Amino acid sequence: GIEAINPFTGGSVPVYVADYVLGSYGTGAVMAVPAHDERDFEFAKKYGLGIVETVSGRDPETEGASIGDGVLMDSGEFTGLSSAEAREKMSAWLEEKGLGKKTVKYKMRDWTFSRQRYWGEPIPIIHCEKCGAVPVPEKDLPVRLPEVESYEPTGTGESPLADIAEWVNVVCPKCGGAGKRETNTMPQWAGSCWYYLRFIDPKNSSAAWDPALEKGWMNVDLYVGGAEHAVLHLLYARFWHKVLCDLGHVSTKEPFQKLFNQGMIQAHAYKNERGILIPSDEVQTQADGFPIHIKTGDRLERIVAKMSKSLRNVISPNGVIQEFGADTLRMYLMFRGPLDSSGPWDTKAIQGVFRFLRRAWTYVTGGKDSGFAEVVSANLEPLEVTEAIHAAVKKVTQDIDGLQFNTAVSTLMECLNTISGQSASKETLEKFTLLLSPLAPHIAEEMWQRLGHPKSLSYHAWPTYDPALLQKQSVVVVVQTKGKKRATLEVAPDISEVALKALVTETLASTEHKVTEQNRFIVVYQPGSKIPKLVNIV
């Protein structure tokens, strides 16, 4: 029986109380749009309410709610605008009429700040029966945890600190009467939300950081973290930083310049026919190759899952380091795939990286197939070798800047394949070693010393390349149909797409893969360039 007035049309709108509306969303009061919201649509259909379509899409009466953006219809002066344009203009109209204003809402999970445990920063509060909760005076900060041999749980739900009477019982700083320290401690977020600021000035004993140093260093250039940290660290750190900004303690409104979510390394796990995951140490592989659950004898399905302690499928890096070295492990993790993708642990790929590093060591430092002994003091080498190292400098530099470590590794592998067995100048060997150093720092430092440098390569400038040496006379383009290679063409690197399609059509004209009008060409270019790499005919 209650009605509200639509400010845009002046017409009345019935008001309903519905349990599907989120009380935490805005004010808890929302404008229902049954033609363009699935839950509003179901509500309107059930109670026979009018469904007015205002954004072009499918017919709501026969096809259900149209929830995507589109073009406005039957919307007065806003008819014909796109959804994005209409949102801006409608917000401006409401502000102009004094009926509302556009605002940004931040959603934040409730933050349970206190913990019932021994470790963690003590909360600097003293409880007094007379004065209530009293802050610890600044001269007595920081409050330190007591040195104890045991911090067993109390069994009462209280922090283990509650049982340490000599630490808990203190004098109230306000009235001088009996007081008790707060025994809950802060969570790890209390430190990790601002540690990047302390890193700027870690030994400062008079302040958290020097304001001049903070202004010189902030913002943090890159934040790398898993998507699971989006709330429990990233959002809280931003919240903490904004408070510090409002208080005038930091010079930037945001702490981090750029966010990158890395993928997860996965491992094989097992599940039974009910979908229950079985720990790896409870699985036995039979002679026929099928895994079974040792306890029940049930046959299991082998899957790829997140490494976790509960599944006992975590792979320790120690074994890999002992067998192959830390550089191999580090480089394998980069070579595994794009940094933001998840994928399974692959022992065979680790061996491939190890073989590459061994070949690189041999080539640069001397030995079979090495160019080191011949021309380490000369500046003469085949043009192919010079072009290969200059191309590698350009590509590896771009890849590292773009966090594309997997393609940086593959570029160095391709470069080594090209120059192996050929003479190389000392300059080329140095460039190769410098390119390798961010990916495999330990072996690169050893190689750098073998090349006659007593000082660490970290003091040497990053290598540069000559663009003139990258102008190849021709490139090889692969032609494929139905996903299979049908031909290779040697073409000029700046060939136009029209000329390339004509050449492909001519090449395949006399084959069973002749191009027809129904076919579509997809040209794939080398990363970051307009040099063709592959033509796929669909």
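Rounded to the nearest 0.05, what FRET efficiency is calculated for Glu95 and Asp246 with R0 set to 30 Å and r the Cβ-Cβ distance?
0.75
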Under 19 Å from Lys426, Cα to Cα: aspartates and glutamates that are on another chain or at least 8 residues apart: Asp369, Glu374, Glu381, Glu384, Glu387, Glu445, Glu446, Asp466
Cα gyration tensor, the stretch 373-507 - rounded (a/c under 1.5), prolate or oblate: prolate
Residue-averaged [θ]222 nm for the chain, counting only DSSP H segments that reach four residues, each worth -39500 (n - 2.57): -9000 deg cm²/dmol
FRET efficiency, 1/(1 + (r/R0)^6) with R0 51 Å, evaluated for Thr505 and Leu451 via beta carbons: 0.50
Diffusion coefficient, µm² s⁻¹, Stokes-Einstein with Kirkwood Rh over alpha-carbon pairs of the chain at 4 °C and 1.567 mPa s: 41 µm²/s
Of Lys253/Lys309; Lys180/Lys203; Lys102/Lys253; Lys139/Lys253, those spanning more than 27 Å from alpha-carbon to alpha-carbon: Lys253/Lys309; Lys180/Lys203; Lys139/Lys253
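Please get the size of the charge dipole for the stretch 305-462, origin at its Cα centre, with Cβ charges of +1 on Lys and Arg and -1 on Asp and Glu, quoted in debye to the nearest 20.
Result for the stretch 305-462 is approximately 640 debye, rounded to the nearest 20.
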Cα centroid separation, the stretch 254-274 to the stretch 181-244 (Å): 24 Å
Eligible lysines near Lys431 by straight Cα distance, threshold 17 Å, same-chain separation 8 or greater: Lys394, Lys395, Lys455
Accessible carbon and sulfur surface of the chain relative to its total accessible area, %, 1.4 Å: 53 percent
Probe 1.4 Å - accessible area at Tyr47, Å² to nearest ten: 120 Å²
Three-way shape call for the stretch 315-452 based on the alpha-carbon gyration tensor, with the a/c threshold at 1.5: prolate
Free-standing Cys residues across the chain, given no other cysteine C-beta under 4.7 angstrom: Cys175, Cys193, Cys245, Cys415
Gain on full stretching of the segment that runs from Arg87 to Lys258 - 0.36 nm per residue minus C-alpha separation: 58.8 nm
Extension gain (nm, one decimal) between Gln526 and Val491, 0.36 nm per residue minus Cα-Cα: 11.2 nm
Heavy-atom accessible area ranking, 1.4 Å probe, most first, across Val30, Val134: Val30, Val134
Top positive-direction residue, dipole computed over the chain with Cβ charges, set Ala269, Pro211, Gly98: Ala269
Rounded to whole Hz, the Karplus (6.51, -1.76, 1.60) HN-Hα couplings of the stretch 206-223, x for glycine and proline: 10, 8, 5, 6, 7, x, 5, 5, 4, 5, x, 9, 6, 7, 5, 5, 9, 10
Mean Cβ neighbour count within 10 Å, used as a protection proxy, ranking 411-421, 163-173 highest first: 411-421, 163-173
Global geometry of the stretch 241-380, whether rounded, prolate or oblate, following the gyration tensor of its Cα atoms and the 1.5 cut on a/c: oblate
Under 5 Å, built H, 5+ apart or other chain: amide partners of Ala178: Cys172
Computed magnitude of the charge dipole of the chain (debye, nearest 20; Cβ of K, R +1, Cβ of D, E -1): 740 debye
Surface per residue (accessible, 1.4 Å probe) for the chain, Å²: 62 Å²
Amide H contacts of Ser308 (H built 1.01 Å from N, under 5 Å, at least 5 apart or other chain): Asn313, Val314
Separation between Cα centres of the stretch 291-362 and the stretch 501-530, rounded to whole Å: 39 Å
FRET efficiency, Asp69 to Asp346 (Cβ-Cβ, R0 51 Å, nearest 0.05): 0.75
5 angstrom amide H check on Gln266, placed H, neighbours 5+ away: Gly343, Trp345
Total lysine pairs under 21 Å (Cα atoms) in the stretch 471-538, excluding pairs fewer than 8 apart on one chain: 16
Cβ charges +1 (Lys, Arg) and -1 (Asp, Glu), total dipole of the stretch 384-538, debye: 420 debye
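The values are calculated or read from the model by the stated rules, or taken from the named source; none is laboratory data. Keep in mind that what you see is a predicted model, and the values were worked out from it rather than measured. Cβ sites come from the backbone with ideal geometry, for glycine too, and all protein chains shown count toward neighbours. These accessible areas exclude ligands, DNA and RNA; they are computed on the full protein's heavy atoms, side chains included. Shrake-Rupley method; radii C 1.70, N 1.55, O 1.52, S 1.80 Å.
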